[in-house]
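J.: Sharing a structure below in structure tokens format, with a few things to ask.
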Amino acid sequence: MLRKSVVVLSIMLWGLTAQIDPAAAEQPAASESQASAASIEISVADTLSGIAARMRLDESVSIQQVMLAIQATNPNAFIGGNINRMRSDVVLQAPSLQEIKSIDAELAFYEVARQNREVSGIQLDRRIAELENQLALRLDEANRIRLEREGMDSRLMVLETEIVAAQEILRSRDQQLAQLQGSVAEIARLAEQEAVLAAAEIVTESAEALQSEGQGVRLVNDIRHIFTNNPLIMSFGILLLILVIVMRLRGKKSDNLVDERTNDIANEELQSADDGVDVK
């Protein structure tokens, strides 16, 4: 609103100046020449405050007055009607001193401050939006890291459980191996004891056998010595031996007779049984 008022005021002052100064109306070529000389080419690095500082002719006007006068003279050179958003692809037309002075210095100061706050608010909103976007990205990254950490913690817990189970299996295997080694050692000890006992029994039996054999040999030698040194006993022994032989022969013959008689009886009974079967 203030900018429009300033523009209208500038136009009114310009018209009044033209009416008071007829020489200005009579010399259009000179005015066009001065306007062309007052044209200012700007670059991306230029700012309106810097241009206004260069254009200020004396200290009777403020920088803010010059800035607003330039804005009023070149309204299409400012995006959104803000002095802080000056285009760099235009040529600015410099306002006259009367146009600059026609703007109230105090109003110019407040208007420049307002436009600065306006662009600051836009920049602040843009900065806030950028920060919110960065915050959202950081939150997404934090959530991703948190999920990865939770997954790693879960896998770590599974691995720890598997390690505990494996350690328990190894402990059980170690106990089984220790028991097996103990059993093997016990078996080896018992086998050694049995081998020792068996060897002792064999030695004992061998000693007893040798002792018995020695006693038998001594008995035979004693009997032979008795029979050899005593002819009467030797004769008696011979007779006794003959008698035993004879008795053995008679007993054997009797056994043969008994066996033959038994066989005959058995044959007769079998014959009688066969005859009975035939008769039937």
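J.: Read through the list (1) at pLDDT below 90; (2) under 18 Å from S49 (Cβ atoms); (3) in a loop (DSSP other than H, G, I, E, B), then give the number of the only condition that Q123 fails.
T.: (3)
J.: If a residue has to be farther than 19 Å from N84 by Cβ and touching a residue at least 24 places away in the same chain (Cβ under 8 Å) to count, how many in the stretch 105-119 make the cut?
T.: 1
J.: Quick one: A30 ticks every box in (1) modelled with pLDDT under 80; (2) touching a helix residue (DSSP H, G or I) at 6+ places or on another chain (Cβ under 6 Å) except a single one, so which number is it?
T.: All conditions are met except number (2).
J.: Hey, can you tell me all the residues within the stretch 84-98 that are assigned to a loop (DSSP other than H, G, I, E, B) and out of contact with any helix residue (DSSP H, G or I) (no Cβ under 7 Å at 6 or more places or on another chain)?
T.: Of everything in the stretch 84-98, those that are assigned to a loop (DSSP other than H, G, I, E, B) and out of contact with any helix residue (DSSP H, G or I) (no Cβ under 7 Å at 6 or more places or on another chain) turn out to be S88, D89, S96.
J.: Do we find that E168 is touching a Leu at 6+ places or on another chain (Cβ under 7 Å) and surrounded by 10 or more Cβ atoms within 10 Å (Cβ to Cβ) in this structure?
T.: When the stated conditions are applied, E168 does not pass them.
J.: Another one. Given the structure, is L2 closer than 15 Å to N116 by Cβ, in contact with a helix residue (DSSP H, G or I) (Cβ under 6 Å, 6 or more places away or on another chain), at pLDDT below 80 and surrounded by 11 or more Cβ atoms within 10 Å (Cβ to Cβ)?
T.: yes
J.: Still on this structure: If you check N133, N116, which single one turns out to be over 30 Å from L68 (Cβ atoms) and of a type in the set (S, T, N, Q)?
T.: Result of the check over N133, N116: N133.
The values are calculated or read from the model by the stated rules, or taken from the named source; none is laboratory data. Note that this is a predicted model, so its numbers are computed, not measured. Quick reminder, even Gly has a Cβ in these numbers, built from the backbone with ideal geometry, and neighbours come from all protein chains shown.
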